[in-house]
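Scroll down for the structure; my scribbles are underneath it.
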Amino acid sequence: MSKLNLCLIGENIKKSPSPLIHNYIYKMFNIEAEYRLCEIKRDSFDSSILNLLNSFYGLNVTMPYKEKILGFLKNYSDDVKKIGAVNTIKNGVGFNTDYLAFKKTISEYKDNLKEAIVIGAGGAAKAAVFALIELGFDKIFIYNRTKEKAMGLSKIIQSYGIKSNIIENLNDLNTDVLINTVPVDLNISIKNVNLYIDIVYTRKIREFSKNLIDGIDFLIEQALFSEEIWFGLNIGEEVKNYVRKLVRETI
Ligand code: ATR
């Protein structure tokens, strides 16, 4: 049987560790598949996306296409219908494993977490917000460069009966959960945060938090949920720890 092909679609992804993660898993589980990178520039997205969707068994989608891809898919999971962003595709159907990874990592944290700040208002931020809503958070605040987008996301949160507002600066942050989805380094100062989740795997965390899920941990969590969707794999802690070590040694 010939190999199944999978890929990551995005812009500026040449250094992505995703092929390392997925190809390692295929080797471990004896799956005849290969995962590669499909860099697409914004001005060629519309003309190349259908061909890519038809050519690959499974796809991941990253910045800046998680929302744009929606218009090219046959169907979506129920989560995607709420969130409006996709990062995993199988058979033309869109899923959101960022959302699943946020829900898992936040719910594994034992303390009673009720308040959150989300930095960003794009596709990943929406996945984070819906995970927080699902987990019963009382207050969710949004910071974003483009204020209108922050306000839009804040209104969605309010429509679920949850307190929300935008925040104007990132000084002296004091909250239960801080989630950073923005690719550039912003000037963040933390007063007290119980759990900090940064989804950018290239960033070295300088900010202090008692508990940290950095971009590499997050990348692996969402990747494992994608493998569950594509191949029904349920990957345990031992393999996950090995993948974590492999990625940290490599990038
Ligand atoms: P993703 O799907 O990964 O969330 P995205 O939808 O492109 O990607 O969203 C990127 C986020 O990073 C947005 O919140 C964006 O802010 P704007 O809404 O103002 O565009 C934020 N972002 C990207 N570049 C930024 C920069 N140079 N400074 C501040 N914020 C930035």
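Observations on the structure shown:
- Added length on full extension, which subtracts the Cα-Cα distance from 0.36 nm per residue, K27 to K191: 54.7 nm
- 14 Å beta-carbon shell around I167, net charge (K/R +1, D/E -1): +3
- Charged-residue dipole, Cβ positions (Lys, Arg, Asp, Glu), the stretch 22-112 about Cα centre, Debye nearest 20: 100 debye
- Pairs exceeding a 26 Å alpha-carbon distance, out of K15/K245; K81/K104; K68/K149; K41/K66; K68/K191: K68/K191.
- Long-range amide H partners of I199 with built H, under 5 Å: N180
- E39 paired with V93, simple spin-label distance in nm, labels 7 Å along Cα-to-beta-carbon: 3.3 nm
- Among the trypsin sites (Lys or Arg not before Pro) in the stretch 18-48, those placed in a DSSP loop whose Cβ has at most 13 other Cβ atoms within 10 Å are K41.
- Surrounding net charge for Y99, when Lys and Arg each add one and Asp and Glu each subtract one, Cβ distance under 14 Å: -1
- Within the stretch 165-208: Cβ-based charge dipole about Cα centre, in debye rounded to nearest 20 (Lys, Arg +1; Asp, Glu -1): 180 debye
- Mean residue ellipticity at 222 nm, helices only, the chain: -11500 deg cm²/dmol; runs of at least 4 DSSP H residues each add -39,500 (n - 2.57), and the sum is divided by the number of residues.
- The stretch 107-184 - Debye-derived log10 I(q)/I(0), Cα point model, q = 0.11, 0.12, 0.20, 0.24 Å⁻¹: -0.23, -0.28, -0.80, -1.16
- Residue-wise HN-Hα coupling along the stretch 117-128, computed from phi with Karplus coefficients 6.51, -1.76, 1.60 (Hz; x: Gly, Pro): 10, 10, 9, x, 9, x, x, 5, 5, 5, 4, 4
- Local electrostatic count, G10, Cβ distance below 15 Å [Lys/Arg +1, Asp/Glu -1]: +2
- Percent accessible area from carbon and sulfur atoms, the chain, protein chains only, probe 1.4 Å: 48 percent
- Beta bridges from DSSP with both residues in the chain: antiparallel share about 15 percent, rounded to the nearest 5.
- Backbone amide hydrogens, once placed in the peptide plane, bring R36 within less than 5 Å of L6, C7, L8, excluding anything fewer than 5 places away on its chain.
- Each peptide in 80-86, 52-58 receives the mean, over its residues, of other Cβ atoms within 10 Å, and ordering these scores from highest gives 80-86, 52-58.
- Rounded accessible area per residue of the stretch 124-251, 1.4 Å, Å²: 50 Å²
- Amide H within-cut-off set for Y76, under 5 Å, with H built and near neighbours excluded: G94
- Take every Cα pair under 8 Å whose residues are at least 6 apart in sequence, average their separation, divide by the length of the chain, and the relative contact order is 14 percent.
- A simple charge model with +1 on the Cβ of Lys and Arg, -1 on the Cβ of Asp and Glu and nothing else charged puts the dipole of the chain at about 300 debye relative to its Cα centre.
The values are calculated or read from the model by the stated rules, or taken from the named source; none is laboratory data. Predicted, not measured: the structure shown is a model, and the values here were computed from it. So basically every Cβ, Gly included, is an ideal-geometry build from the backbone, and we count neighbours across all protein chains shown. Note: accessible area is taken over every heavy atom of the protein model, side chains too, but ligands, DNA and RNA are not part of it. Shrake-Rupley method; radii C 1.70, N 1.55, O 1.52, S 1.80 Å.
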